[in-house]
Amino acid sequence: MPQINDLVKNNQYDFIIGSTHVVQDGLDLCVNDFFEGKEQQEAYREYFEEVLYNVEHYDFFNVYGHIDFVNRYGNYQNKKIDYALMKPITDKIFKTLIEKEKGIEVNTSGFRYGVGGPHPAFELIKRYHDLGGKIITVGSDTHKPEQMTYKFDIAYKMLKEAGFEYITVFDNKIPRFVKVF
Ligand SMILES: [Fe+2]
């Protein structure tokens, strides 16, 4: 998208999070139209397909944000993603990111949205690690000052359990690996 490339080229950022909020036919995930008439896991799969398309086609970002946050939305009773079913596509997403020397964000806003954990969930954090992922940032998607670093202690525990030794921070888009746990 030329507008994004211009914006990134003409301004200085320490790091950029890419994320998917709208699917290709223009439907915003937080508006329930996207889910209407769709079988739950099929809707989730369509979202992950869109993420895959984006990570394959765009390069302006350093990490991909809140990769599984689609489970915040949709009027389903049990908002669980079937991660085993999604594995072929989430593996492709991670492999593409790793190949492109990009990373993922662990976004603790999931705790605020009642998902019971960060985005992505532990399963995906671990899988990203096991596929060779090294670049991983932690963010709280803060909308209010008091949300800053919310539940970072739990996110750090999860990262450690998944096998990470460092989190990543960026200066002028160059990754630096920091030991925080
Ligand atoms: Fe977002």
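When the helix-only estimate is applied to the chain (DSSP H runs of n ≥ 4, each -39,500 (n - 2.57), divided by the residue count), what is the mean residue ellipticity at 222 nm, nearest 500 deg cm²/dmol?
-11500 deg cm²/dmol
Just to be sure I understand the model, the point goes 7 Å from the Cα along the line to the Cβ. What's the resulting Asn75 to Asp28 distance in nm?
About 1.8 nm, to one decimal.
Take the cross-link list Lys9/Lys100; Lys134/Lys157; Lys9/Lys151; Lys92/Lys151; Lys80/Lys160; Lys38/Lys95 and give me the ones stretching past 22 Å between alpha-carbons.
Violating the 22 Å limit, Cα to Cα: Lys9/Lys151; Lys92/Lys151; Lys80/Lys160; Lys38/Lys95.
Roughly speaking, what is the centre-to-centre gap between region 149-177 and region 5-71 when only Cα atoms are used, to the nearest Å?
Using only Cα atoms to place each centre, the spacing works out to 22 Å.
Please report Rg over Rh for the chain, where both radii come from the alpha carbon positions and Rh follows the Kirkwood definition.
For the chain, the value is 0.94.
Given an 8 Å cut-off on Cα distances and at least 6 residues of separation, report the relative contact order of region 2-178 as a percent. Intermediate values should be presented prior to the final figure.
Details: 249 pairs, mean separation 38.7, N = 177.
Across region 2-178, relative contact order equals 22 percent.
Cα to Cα, under 14 Å, and not fewer than 8 places away if on the same chain: which aspartates and glutamates meet these conditions relative to Lys179?
Those aspartates and glutamates meeting the cut-off are Asp153, Glu165.
Every read-out reported here was derived from the displayed coordinates using simple, explicitly stated rules and does not represent laboratory data. Here the structure is a predicted model, which is why all the values come from computation and not from measurement. Cβ coordinates were reconstructed from backbone atoms using ideal geometry, including for glycine residues, and neighbour counts include every protein chain displayed.
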